[in-house]
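Please read the structure below before turning to the comments.
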Amino acid sequence: MTQPILELRGLTKTFVKPVSVAGHIANLFGARQKKVEVRAAAGVDLAVLPGEVVGIVGESGCGKSTVARMLAGISSRTEGDILWKGVSDRAMTADQKRDFALQVQMIFQDPFASLNPRMQVLDIIGEAPVCHGIIPASEKRAYVTALMEKVGLSGAYADRFPHQFSGGQRQRIGIARALAVKPKLIICDEAVAALDVSIQAQVLNLFMDLRDEFGLTYLFISHNLGVVEHISDRVVIMYLGRVVEIAPTEALFSDPNHPYTRLLMEQLPVLEPGARDYQPIRGELPSPLAPPPGCPFHPRCPAATARCRAEAPALRPIAADRLSACHLNDRTAV
Amino acid sequence: MTAAERPLLSVERLQTHFHTRAGVVKAVDGVDLTLRRGEILGLVGESGSGKSITGFSILGLIDPPGRISGGRIGFDGRDLVTLPEAERRRLRGKDIAMIFQDPSMTLNPVLRIDTQMIEAVQAHEKISRQAALRRARDVLVAVGIPSPDERLQAYPFELSGGMRQRIAIAIAMINRPRLIIADEPTTALDVSIQGQIIHEVKALCRQTGTALIWITHDLAVVAGLADRIAVMYAGRVVETGTTAEVIRNPQHPYTQGLIASVPSRETRGHRLYQIPGMTPSLLNLPPGCAFSARCAHATETCRTAPELTETGAGRAFRCWHPVGDRR
């Protein structure tokens, strides 16, 4: 078996809102204010193989972006391990750490907020590779121009500022910036969510072309199941900070195992005319401040049992390459 | 024509232009739409196609430098373009309501939900606070909000995005309007919440006989919702028809391209179809068909603007070389 390029083991992020000074004083007088904890990601395990496209799907607040930000080194983690090519980032030498940081790049959702409005495209794309000694400063312009052509922008625009470009073009600048440091893994956090359908198609095609050309691995985060189904090899479904199902794309879409995955798929709008009756998922995502006990999905699950309310199911293999966290799988096995 | 046959809304040759320093932006340039009572129309187009401006024009929400420069908007026998502002104001929120993309645009952040809903009722009817509150509660139940009494006491920031949008929909429905214009109401929401809202809005329109214009860039969303679809490009409606006709048998190359570029199971492992080029700037549109620069089938003929070709009841497109002819 090939070694995973990236492995997450029990990755957890807890955001803590401490008790304020006023709260401490109030506590002296008998008020019982406690610090508030939110587990944005609760023990995420995932292995990504080289060259794979892994889609991560979930509703807002499920922790998918938190996981991405921990990987890209934007936010710190509370617990767990990140292994890059088999080496835990806690055990890395300084050189390995630098390589890891360069080889994992991120493309953001909002092409308006993720580019510095006061920098020319030449510097936005060219700053990092020069700084890290990937190319000499004298070759910066040629390098940036070549990269711009690669992502479908004219190199003649290198001296322009971000506001002179459309949304789709800006997203291409973001892609060129990520590619500039020769990454191995690219994290796309809702990278096409803000784009029109026709521009989205162009950018998705570009991702696939670049994958073939540079041998890239993608972590593709999206709430759009249609996009994920199109682009991913494997799909991870997250709910309230936990992974509830992992499966190869085709298996997942033809035979979803977890009740949440099944409900998500029923919600997916399809280009199929005719009276479509949505069977809405009952209720909303519970607040991560007070997650329900047991299985986090049980209040909305049509098949919840007493056990689901008491005991959190573990993510377990249910078939080859497939994992799911649902008590119902035990019942069918018996 | 009797009142029952007459369309509820008939937009004819509507032109909304923005007079900017850089020139005249023809955001809406000759749009025709008709809508019968209780009908759901999906108005589809990409950013800058003029779909939202069409919606705003119907409500009379165009601010300078924008102006309705031509055409007529017939609503229930009256022309909204020439209607005095005071009368238009009486229609707005009563007979025609709007749902915006961002529910925080609709809700006042410093007022409780009940205050805002009672205000919406009392603005149009002489009715007691108690009766207005009862009505507010009833519509909250109708849009599927659990424990409506508590929600009425809440401020907008205490509610989730999906809940806020549902309250915005409830406020739009509260005066039992005859027409609702919904501008990308589910774009900012999760798929599961989107499913719930589409389900509820559709059921409500069927029950109350309210007509609905659902503005969106996502054909897949309106495919399961709308009775008819109108596709807009560069300020014009380029194709209309029943939902099934437009999606199964698109005639305009732009509609065909839009449908082909939606990722799905069938496209897995293949490149997506992509419409070449970009939406043209509305400041200097190419002469003739605005889509010709991106169209694979454009010829010399396309330098003159194509007229609307009608091929059946409510089925029309604006193209010299429709897909059907080429087969």
- Qualifying residue in the stretch B:301-323 (condition: open to solvent by 60 Å² or more (accessible area, probe 1.4 Å), within 14 Å of chain A (Cβ to nearest Cβ) and modelled with pLDDT of 85 or more): no
- In the stretch A:174-197, is there at least one residue being within 14 Å of chain B (Cβ to nearest Cβ), free of Cβ contacts under 8 Å to residues at least 24 places away in the same chain and either over 19 Å from A:Tyr143 (Cα atoms) or open to solvent by 30 Å² or more (accessible area, probe 1.4 Å) (or both)? yes
- Message: Just checking: which of the strands (runs of 3 or more DSSP E) contained wholly in the stretch B:147-236 hold 1 or more residues that are open to solvent by 20 Å² or more (accessible area, probe 1.4 Å)?
- Response: B:228-233
- Task: Would you check which residues across the stretch B:232-283 are of a type in the set (D, E, K, R), within 25 Å of the chain's Cα centre (by Cα) and more than 7 Å from chain A (Cβ to nearest Cβ) and list them?
- Result: B:Arg236, B:Glu239, B:Glu245
- Please verify whether the stretch B:284-292 includes one or more residues that are outside any loop (DSSP other than H, G, I, E, B) and more than 8 Å from chain A (Cβ to nearest Cβ). yes
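Can you name every one of the helices (runs of 4 or more DSSP H) wholly within the stretch A:1-111 that holds 1 or more residues which are surrounded by 12 or more Cβ atoms within 10 Å (Cβ to Cβ), in contact with a Leu (Cβ under 8 Å, 6 or more places away or on another chain) and of a type outside the set (Phe, Trp, Tyr)? First the steps, then the outcome.
Details: elements: A:21-28, A:64-71, A:94-103.
The helices (runs of 4 or more DSSP H) meeting that bar are A:64-71, A:94-103.
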- Item | From B:Ile259, B:Ile275, residue being assigned to a loop (DSSP other than H, G, I, E, B) and either out of contact with any Cys (no Cβ under 7 Å at 6 or more places or on another chain) or aromatic (Phe, Trp, Tyr) (or both) | B:Ile275
- Item | Criterion violated by B:Arg36 - all others in (1) closer than 17 Å to B:Ala234 by Cα; (2) of a type outside the set (Ser, Thr, Tyr); (3) open to solvent by 60 Å² or more (accessible area, probe 1.4 Å); (4) under 15 Å from the mean Cα position of the chain (by Cα) satisfied | (1)
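The values are calculated or read from the model by the stated rules, or taken from the named source; none is laboratory data. This one's a predicted model, so the numbers in the text were calculated from it and none came from an experiment. For neighbour counting, all protein chains shown are included, and Cβ atoms are generated from backbone atoms with ideal geometry for every residue, glycine included. To get the accessible areas, we keep the full protein, side chains included, count just its heavy atoms, and leave off ligands, DNA and RNA. Shrake-Rupley method; radii C 1.70, N 1.55, O 1.52, S 1.80 Å.
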